[in-house]
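To keep things clear, I will list the structure first and then write my remarks on it.
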Amino acid sequence: MKTVTALKAGEDRAILLGLAMMVCSVMMYFLLGITLLRSYMQSVWTEEAQCSLLNASITETFNCSFSCGPDCWKISQYPCLQVYVNLTSSGQKLLLYHTEETMRINSECSYIPKCGKNYEESMSLVNVVMENFRKYQHFSCFYDPEGVQKNVILTKLYSYNVLFHSLFWPTCMMIGGVAIVAMVKLTQYLSLLCERIQRINR
């Protein structure tokens, strides 16, 4: 009797674990759906092409704010790097952005360094980026095949690979939860089947 009770308690805990894993995976799917998946669906830079550098220069300086502690913000500045490229598939002269977020933050700048109190560090970082563009003048970029966005981006934040890796672990958790519940139910079914066979044989 004690063995049966212990087995029943173990089965209940296993089912609860499986259900908890499924609930967690559903919550993760929901969070990813309203953040990453929506951004992925809204990204129009879907076609990859080759870009060649036309011009890279620091045009002006913009203000930004950075955190200096709890409820503390200070004003600083960052240099604006503009990079114009030639989209080889169409021959168009277009402004290049580092990522989709770069255009959202400041549509006039191709690259935006992290805002900090030291302007010289920001300038040094932007100069390094600018020299890299001048050194490697031909590179892959992404453009809008519909032609709505008259610009290109260098790196996609919301690519298919990023989406796949983000959904991989929630999917594994869901499969694991379903497998645990299914195995417990299968064990219970086989146990009942064995009992019935034993009764018939008696």
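Laboratory data are not the source of any read-out in this text; all were calculated from the coordinates shown. In this text, all values refer to a predicted model and were calculated from it rather than measured experimentally. No Cβ is skipped: glycine too gets one built from the backbone with ideal geometry, and neighbour counts run over all protein chains shown.
Work out, step by step, the length gained on full extension between T59 and R199: first 0.36 nm times the residue separation, then minus their alpha carbon distance; give nm to one decimal. Walk me through the intermediate numbers first.
On the way: separation 140, 0.36 × 140 = 50.40 nm, distance 8.83 nm.
Full extension of this stretch gives 41.6 nm more.
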Angle in degrees between helix 119-135 and the longest Cα principal axis of the chain, rounded to the nearest 10: 90
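Mind running the shape call on the range 1-88? Use the C-alpha gyration tensor, a ≥ b ≥ c as the square roots of the eigenvalues: rounded below 1.5 for a/c, prolate if a/b tops b/c, oblate otherwise. Please list the in-between numbers first.
Values: a/c = 5.38, a/b = 2.21, b/c = 2.43.
It is oblate, given that a/c is not under 1.5 and a/b is not larger than b/c.
Please give the charge dipole size of the chain, origin at the Cα centre, charges +1 on K and R Cβ atoms and -1 on D and E Cβ atoms. Round to the nearest 20 debye. List each step's numbers first, then the result.
Values: 17 positive and 15 negative charges, 234 e Å.
The dipole magnitude comes to about 1120 debye.
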Percent RCO, i.e. relative contact order, over the range 90-202, from Cα pairs under 8 Å lying at least 6 residues apart: 25
Degrees, to the nearest 10: 160-201 long Cα axis against longest axis of the chain: 0
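Multiply the residue separation of L192 and D71 by 0.36 nm, subtract the distance between their alpha-carbon atoms, and state the gained length in nm to one decimal. Numbers along the way, then the final one.
On the way: separation 121, 0.36 × 121 = 43.56 nm, distance 6.33 nm.
Between L192 and D71, full extension yields 37.2 nm more.
Working out 0.36 nm times the residue gap between L31 and E120, then minus their Cα-Cα distance, what length gain in nm do you get to one decimal?
On the way: separation 89, 0.36 × 89 = 32.04 nm, distance 3.86 nm.
The span from L31 to E120 would gain 28.2 nm if fully extended.
Do any trypsin sites (Lys or Arg not before Pro) in the range 98-158 lie in a loop, going by DSSP, with at most 15 other beta-carbon atoms within 10 Å of their beta carbon, and if so which? Intermediate results must be reported in sequence, preceding the final value.
Values: sites: R104, K114, K117, R134, K135, K150, K156; in loops: K114, K117, K150, K156.
Hits after loop and neighbour filter: K114, K117, K150.
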Signed unit charges on C-beta, dipole axis of the chain, positive-most listed residue L95, Y40, V184: V184
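Once you charge only the Cβ atoms, +1 for Lys and Arg and -1 for Asp and Glu, what is the size of the charge dipole of the range 1-102 about its Cα centre, to the nearest 20 debye?
On the way: 6 positive and 8 negative charges, 83 e Å.
About 400 debye.
How many percent of all Cα-Cα pairs in the chain sit more than 21 Å apart? Numbers along the way, then the final one.
Details: 13876 of 20301 pairs.
Everything past 21 Å amounts to 68 percent.
Within the set of other residues whose C-beta is less than 11 Å from the C-beta of C64, count the net charge using Lys and Arg as +1 and Asp and Glu as -1. Walk me through the intermediate numbers first.
Working: positive: K74, K114, K117; negative: none.
Spelling it out: positives minus negatives among the neighbours equals +3.
Let me make sure I get this right: for the range 90-170, a, b and c are the square roots of the gyration tensor eigenvalues over alpha carbons, sorted descending. Under 1.5 in a/c it's rounded, otherwise prolate if a/b > b/c, else oblate. Which is it? Before the final figure, lay out each step's value.
Details: a/c = 1.84, a/b = 1.22, b/c = 1.51.
Cα axes put the range 90-170 in the oblate bin.
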Efficiency of FRET between L17 and N127 - r from beta-carbon atoms, R0 45 angstrom, step 0.05: 0.25
Lone cysteines, the chain (no partner Cβ under 4.7 Å): C24, C172, C194
